[in-house]
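Single-structure report; data block below.
The values are calculated or read from the model by the stated rules, or taken from the named source; none is laboratory data. Remember, it's a predicted structure, so these values are computed and weren't measured experimentally. Cβ: placed from backbone, ideal geometry, glycine included. Neighbour counts: every protein chain shown. Protein only, heavy atoms only, side chains kept; ligands, DNA and RNA dropped before computing areas. Shrake-Rupley method; radii C 1.70, N 1.55, O 1.52, S 1.80 Å.
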Amino acid sequence: MISLTQKKIISAFLICVFVFWFLIFGLTNGAAPEEIKNSIDLKTQELQEINDKIKKSQQDIEATQEEKKSLQKEIKKIDSAVNQLNLNIRSGEIIVDKLGLEIRSLQYDIDDAKIEINEKKKIIVKILRELQEKDGETPFIILLKNKSLTESIFEIQNLADFNGDLAVKIKELENIRSGMTEKAEESSVKKQKIETENENLKNRKTIIVEQKNDKNNFLKITKNKESLYQKQLTELEKQQEAIGKEIEEMEDQLRMSFDPSLLPAKRPGVLGSPVASGNGQNYVTQEYGATKFAQRAYKTKFHNGVDFRAPIGTPITAAEDGKVKAVGNNGRIQYGRYIVIEHANNLSSLYAHLSSQTVKNGETVKRGQIIGYSGGTGYSFGAHLHFTVYWTPSVEFKSMGNAGLVPIGTTINPIDYLEL
């Protein structure tokens, strides 16, 4: 049984705690200024306009991908890639600005919550003080001290109301504090996004420099002559066709002798999407298997992965936790710049035709981590991501002429495992 003195001590302690909280959280500015909200709206509109231009640029590039190759088309392809990268850089800059404005707006919301918390604390402190003054008075004592029954009933009702108000105000305080915590967490997420976008901006600027260097080297090699370009192209296509058929034959044999029961159960989400969302990504432009495009463009019977639409400079992410087994470059043949990641579920993934790789061999990566950026390196008709899934124990790296090391293995339809 708690004594009257103990009750008074507890009440006084609670009052001190709430007063302390009140002093800790000082009053700050109010609601987000209208100009910040207007600026966010303008950035949203500007971002939509840039994204529309990126989409239109990608459509124009894709419309010419199957046209006959020529020197001027190759030069135009590089120029288009640089233009698209500049658009992506501008998009990234707008995103950073918009996120900064949204963080400022969230801070105003947090400040408003602090003000409301302080007001609730004042009310709670007042209620506690009034309850302390009446502490120890039972309904019987109240009946004895008052001159009339009406006064006693009114005072007893007030005491009950005080207790009810206290519970309500404490609940309201908890809700406001919870909302403020959510706003703070949202702000933290946006700050992380700014860091990611700034990293993307830096890498895309590097890719632009490399694209311009590639153009200069390309013009030197071809001496800006269509006849010399066509001669080199004919030789390149012969090498590609030979390597493509060799890879196809080896992977066909592996597939035919493979026991599918060794694979993880097929279900979406075993692997995450390897292409960062937005701007029409996660759109498969070529399926796995015996596609007409592979037969026509690559002179092979079988396409050993899926192709995703991915304008040059699109962040490419690890489909699952794993260890980087290879960071390679086949030059102008086969996969170009590629990455192979081995996962713990007996699956391995290949990311090909990259413009840039941001991980190293042997590095441990997490699902959704950026590992590189899309491009059109290797034997490619335009910027995209070629994504292959292998049964891990079958993966090997074969030395194939000018292509260097090329990954081969038992391939599996990625759609059986992808979360799109």
Place a label point 7 angstrom from the Cα of Q230 along the Cα-to-Cβ direction, then list the residues of region 68-88 whose backbone nitrogen is under 16 Å away. 68-74
Could you pull out the pairs from K299/K366; K301/K398; K77/K191; K220/K301; K121/K183 whose alpha carbons sit more than 24 Å apart here? K299/K366; K77/K191; K220/K301
Accessible surface of M256 in the full protein assembly, 1.4 angstrom probe, to the nearest 10 Å²? 150
What shape does region 249-381 take by its C-alpha gyration tensor, where a ≥ b ≥ c are the square roots of the eigenvalues and a/c under 1.5 counts as rounded, a/b above b/c as prolate, and the rest as oblate? rounded
³J(HN,Hα) computed for each position of region 348-353 - Karplus, 6.51 cos²θ - 1.76 cosθ + 1.60, integer Hz, glycine/proline x: 10, 10, 10, 10, 10, 6
Can you list the residues, at least 5 places off or on another chain, whose amide H is less than 5 Å from the amide H of H303, using H built in the peptide plane? G289, A290, T291
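Which of rounded, prolate or oblate describes region 293-349 when judged by the alpha-carbon gyration tensor and an a/c cut-off of 1.5?
Prolate, because a/c is 1.5 or more and a/b exceeds b/c.
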What FRET efficiency comes out for N345 versus R129 if R0 is 60 angstrom and r is the Cβ-Cβ distance? Round to the nearest 0.05. 0.45
Interchain or sequence-distant (5+) residues whose placed amide H lies within less than 5 Å of the amide H of V275 are T317
Could you name the aspartates and glutamates in cross-link range of K212, using Cα to Cα under 16 Å and dropping any fewer than eight places away on the same chain? E74, D79
What residues qualify as long-range amide H neighbours of T377, i.e. H under 5 Å apart, gap of 5 or more or another chain, H built at 1.01 Å from N? R337, L354
Global form of region 324-420, assessed from the alpha-carbon gyration tensor, a/c cut-off 1.5: rounded
Candidate aspartates and glutamates for bridging to K76, where Cα separation is under 16 Å - those fewer than 8 sequence places away on the same chain excluded: D60, E62, E66, E67, E210, D214, E226
Rolling a 1.4 Å sphere over the protein heavy atoms, what is the accessible area per residue of region 182-243, to the nearest Å²? 66
Ranked highest first by the average count of other Cβ atoms within 10 Å around their residues, in what order do 293-305, 402-414, 309-321, 220-232 fall? 309-321, 402-414, 293-305, 220-232
Among the aspartates and glutamates, select those whose C-alpha is under 17 Å from the C-alpha of K193, and discard any that sit fewer than 8 residues away in the same chain. E93, D97, E102, E182, E185
How many Å² of accessible area per residue for region 278-420, probe 1.4 Å? 36
